There are 2 protein chains.
Amino acid sequence: MTGKTFRYEAVAFKIEESIKNLHLQPGEKIASVRKVSTELRVSLNTVFQAFAILEAKGLIYAKPKAGYFVNVPPGKLSISQQKHSLALPATVDITAMATAMMKNAKENGIVNFSILAPVNEHLPITKLNKLVTMSLYEARNDNYQYPLVDGHSGLLKQIALKTFEWPHSIDQQKILVTNGCMEAVNLCLDAITKPGDIVAVESPTYHGILQSLEQRGLRALEIGVNPQTGLCLDDLKEGLKKNKVTACVFMPSCHNPTGCAMPEANKMELVHLLGKRNIPLIEDDALGELSYQNGSLPAKAYDQFDNVLYCSSFSKTLAPGFRVGWVSAGKYHTAIEKLKYGSNMSTNGVLQDAIGKYLESGQYDKHIRKMRLTLQAQMLRYISTISASFPNGTKISVPKGGLSIWVELPPETDAFALQKAALRKGIGICPGHIFSTSDFFHHYIRINYSPLWNNSIEKAIKVLAKVLRAL
Amino acid sequence: MTGKTFRYEAVAFKIEESIKNLHLQPGEKIASVRKVSTELRVSLNTVFQAFAILEAKGLIYAKPKAGYFVNVPPGKLSISQQKHSLALPATVDITAMATAMMKNAKENGIVNFSILAPVNEHLPITKLNKLVTMSLYEARNDNYQYPLVDGHSGLLKQIALKTFEWPHSIDQQKILVTNGCMEAVNLCLDAITKPGDIVAVESPTYHGILQSLEQRGLRALEIGVNPQTGLCLDDLKEGLKKNKVTACVFMPSCHNPTGCAMPEANKMELVHLLGKRNIPLIEDDALGELSYQNGSLPAKAYDQFDNVLYCSSFSKTLAPGFRVGWVSAGKYHTAIEKLKYGSNMSTNGVLQDAIGKYLESGQYDKHIRKMRLTLQAQMLRYISTISASFPNGTKISVPKGGLSIWVELPPETDAFALQKAALRKGIGICPGHIFSTSDFFHHYIRINYSPLWNNSIEKAIKVLAKVLRAL
């Protein structure tokens, strides 16, 4: 260790001590570089280096133009990684449970940690209302007539523009607007698979995907997910060797439920791996815009093989209730166009027109940046309170984006029982069972951290902790 | 023949003569009962009786509170009825043709007789715009959040109320809102059938239904349709005897493309026939509200067996572009709820809320009554011009409701060739081929008569006649 490195380490240690002494909580801002430099009488460069060390250790994180903030203690970052398994999804009745959750969440007084949706406070409602109204009153009123199968040309153009800086951007002619991201994924599955086929998914994975496999008589090959680096590529390779896999459905950038993300290099390797083998990758990127990682791109951005069927939506960023998503399926575009027309002809014109206008206004990027910062701060608040109040043995994976925290409870916990007990206290959570066809996650829960932090939310989490302890 | 009857006949004959001499065209109003009574110096009752005779002969028709109008000459009412056949829909690529038609119709300058949609002039756009805006600005803004799977409770209630006077009305708890009527039909097929099953459909039938069967690997058993009485029940009985039919998809009230309708007694018999055999009837009633027959009800209204899966929409009456339909599937409701959630979670909240508000306002019934009268007058104008300008051998079936006229051209005509040639002249029509898996209808075309009658429309029909003669 050189003298300089030693000095940086020493300063880093002092800063770490002072964070502890001041009882700074995750999400709270720490002193500025200049202030630390003055107080500790070291150069600005030394402080920068010390902050870099703390950042690398995961103790703090930087927000552009805002400074450094306290991260979650790394001891909580140790959710165990599961091995893959092959099973029929039909053994779990995910649908019945999901629809029931939906109904519960709409009931009055339920603190809704169960549905993965941004609450209204995150959404640009005033602006969108104006634009919907504008779409309605436009001279030709073409939005009252059947929209084209592919979608409103204004929106298609804006979606294509969003991908302009990707290494492999998307052609406007190869985009089709859907009723949300799940419809996009379903259209891809219908275009590619037939009953009995094996489809690789992450373990855990979004229950909606398992549900889609179930309805189509497809078999799920579950591939383990690493809380730090997302999908385990070695497990995938092993799985592909042992099974005839027809397609993959993965969430490389903002994984639901864990919030983990693949490093960009891994995404590239994934695209290459599947491209070379001609196994289509259906990429569910519904949450991708909400990544906290700078420079995060979807796998589709690296797709030189025309092998990625990219699915996304505005449900997590603008309006869950508008049901506007899209798919860019490359060489499968024509097949998907036919399936969409046969399924429900086209997506409603008014709302997609309004979203197109919002993107065109240039406010979308700013909105997303703001939303990410708010959500990241929310996430740290939630994690801090869960860490402090939940029993020993609770482990939390700090999300790299998205809307949910994936909490591993002590192994003897039954998340279903917790869900039922919590509901009686007016709190909705999502039990881990429904994110896999196996029983790996019976002691996990998913918490949606979008409800704005306040005393009621804090109280609800503490009540949840109490219910958990009482089980 | 008694003296009185003879007198009525004589007066009827005189009125018929005067219609001919005055060159009154189909859809034109004839002199009032009082005026005829004065002119012919006969009693009001005699004139009434004479009008009844002319009405029975199909020469005139009555509009409530508006008087009597000239009907289409009965000689044109002789479209031949087809026998049923069993075939795989896969042999016709309906999807490619339908999506192309959609795109053509959106292009500027095309006179659109091809897409079955009401033009804006028929729609209560101003009022609906206000209600959508109201839905957007409501205090809770719940419409930005994921709607419940079944739909917006306000709309569900209004739909249930619409059926209040049916012999067997629909329970609000058994209604689910869909993205249009085709999604409703598809959900029903998914709930009931598996690949390889036989599904009975009308011949001809709406191409979307054939497309849905094709996508699901289902086989179509085509049952003949009578231009006067709709679905031929004897053919159906024969078909059911010879084949193991899993489900039926029929349009008993306003058949697309022919516009024919089953008498209420036949609908009751149909419900009984299938109910007793436990063969579910998927009723596509998208056009049902546009029936010109007083007292026309859907088959579902007579369903004492809980065996009819009723599908309808607001696409033909309020806003094709809103994509709001619904299904009431009785004992299959839970299965369909799961399928809908898995497919796209729910239908957008804003537009269904607005439609619910429109129904609640009480203006819907008045709007429908007005729309029917306008459409009926349109239909007669169109038929009159087609009759006069198309070559000999052309036969027209006068619709009992809906939006389309089904025209039988001379047998040697290829409707595909006509479609292509017409498109070059800027006119879109729908060729008969796509309404069947067989080649029965290669010399038929479907004409959407919703575009408001004016010189351009008249000219377009005459150009179409010219193109047809030149083939």
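The values are calculated or read from the model by the stated rules, or taken from the named source; none is laboratory data. Worth saying up front: this structure is predicted, and the values here are computed from it rather than measured. Cβ placement follows ideal geometry from the backbone for every residue including glycine, while neighbour counts extend to all protein chains displayed.
Quick rundown of the values:
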{"quantity": "Restricting the stretch A:137-168 to residues that are away from chain B (no Cβ under 14 Å), part of a loop (DSSP other than H, G, I, E, B) and touching a residue at least 24 places away in the same chain (Cβ under 8 Å), the residue that is farthest from residue B:181 (Cα to Cα)", "calculated": "A:167"}
{"quantity": "Residue identified as on the phi > 0 side of the Ramachandran plot and touching a strand residue (DSSP E or B) at 6+ places or on another chain (Cβ under 9 Å) among A:180, A:217, A:239, A:224", "calculated": "A:180"}
{"quantity": "Test set (1) surrounded by fewer than 23 Cβ atoms within 10 Å (Cβ to Cβ); (2) hydrophobic (A, V, I, L, M, F, W, C); (3) not assigned by TED's automatic domain parsing to the domain that holds residue A:460 - residue A:351 fails condition number", "calculated": "(1)"}
{"quantity": "Residue within the stretch A:303-314 that is of a type in the set (Gly, Ala, Ser), in contact with a strand residue (DSSP E or B) (Cβ under 9 Å, 6 or more places away or on another chain) and crowded, with 21+ Cβ neighbours inside 10 Å present", "calculated": "yes"}
{"quantity": "Test: residue in the stretch B:321-335 that is farther than 24 Å from residue B:136 by Cα, within 11 Å of another protein chain (Cβ to nearest Cβ), charged (D, E, K, R) and surrounded by fewer than 24 Cβ atoms within 10 Å (Cβ to Cβ)", "calculated": "no"}
{"quantity": "Residue in the stretch B:96-106 that is modelled with pLDDT of 50 or more and assigned to a loop (DSSP other than H, G, I, E, B) present", "calculated": "no"}
{"quantity": "Residue match in the stretch A:290-301 (condition: within 26 Å of residue B:320 (Cβ to Cβ), buried (at least 24 other Cβ atoms within 10 Å of the Cβ) and in contact with an Asp or Glu (Cβ under 7 Å, 6 or more places away or on another chain))", "calculated": "no"}
{"quantity": "Given (1) closer than 25 Å to residue B:256 by Cα; (2) of a type in the set (A, V, I, L, M, F, W, C); (3) surrounded by fewer than 24 Cβ atoms within 10 Å (Cβ to Cβ), number of the condition residue B:185 does not satisfy", "calculated": "(3)"}
{"quantity": "Test: residue in the stretch A:83-94 that is modelled with pLDDT of 65 or more and in the same structural domain as residue A:446 (by TED's automatic domain parsing)", "calculated": "yes"}
{"quantity": "Selection count where residues are within 12 Å of chain B (Cβ to nearest Cβ), more than 21 Å from the chain's Cα centre (by Cα) and assigned to a helix (DSSP H, G or I), scope the stretch A:188-211", "calculated": "2"}
{"quantity": "Of all residues in the stretch B:361-387 being aliphatic (A, V, I, L, M) and touching a helix residue (DSSP H, G or I) at 6+ places or on another chain (Cβ under 9 Å), the one that is surrounded by the most Cβ atoms within 10 Å (Cβ to Cβ)", "calculated": "B:383"}
{"quantity": "So residue A:265, is it more than 14 Å from every other protein chain (Cβ to nearest Cβ), under 19 Å from residue A:167 (Cβ atoms), under 22 Å from the mean Cα position of the chain (by Cα) and free of Cβ contacts under 8 Å to residues at least 40 places away in the same chain", "calculated": "yes"}
{"quantity": "Selection within the stretch A:123-136 - within 7 Å of chain B (Cβ to nearest Cβ) and either closer than 30 Å to residue A:332 by Cα or part of a loop (DSSP other than H, G, I, E, B) (or both)", "calculated": "A:123"}
{"quantity": "Residue A:217 vs. criteria at the interface with chain B (Cβ under 10 Å from one of its Cβ atoms) and surrounded by fewer than 22 Cβ atoms within 10 Å (Cβ to Cβ)", "calculated": "yes"}
{"quantity": "Unique residue being of a type outside the set (A, V, I, L, M) and without any contact (Cβ under 8 Å) to a residue 60 or more places away in the chain when the list is B:325, B:275, B:356, B:349", "calculated": "B:275"}
{"quantity": "Some residue of the stretch B:263-278 being in a loop (DSSP other than H, G, I, E, B) and within 21 Å of residue B:58 (Cα to Cα)", "calculated": "yes"}
{"quantity": "Qualifying position, being of a type in the set (Asp, Glu), without any contact (Cβ under 8 Å) to a residue 60 or more places away in the chain and exposed (fewer than 14 other Cβ atoms within 10 Å of the Cβ), among B:414, B:439", "calculated": "B:439"}
{"quantity": "Test: residue A:202 is under 13 Å from residue A:251 (Cα atoms), charged (D, E, K, R), crowded, with 22+ Cβ neighbours inside 10 Å and assigned by TED's automatic domain parsing to the domain that holds residue A:324", "calculated": "yes"}
{"quantity": "Extreme residue, surrounded by the most Cβ atoms within 10 Å (Cβ to Cβ), among residues of the stretch A:19-69 that are closer than 26 Å to residue A:389 by Cα and aromatic (Phe, Trp, Tyr)", "calculated": "A:68"}
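A quick yes/no check of all residues on (1) under 24 Å from the mean Cα position of the chain (by Cα); (2) among the aromatic types (Phe, Trp, Tyr):
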position: B:117; (1), (2): yes, no
position: B:129; (1), (2): no, no
position: B:137; (1), (2): no, yes
position: B:155; (1), (2): yes, no
position: B:162; (1), (2): yes, no
position: B:171; (1), (2): no, no
position: B:174; (1), (2): no, no
position: B:184; (1), (2): yes, no
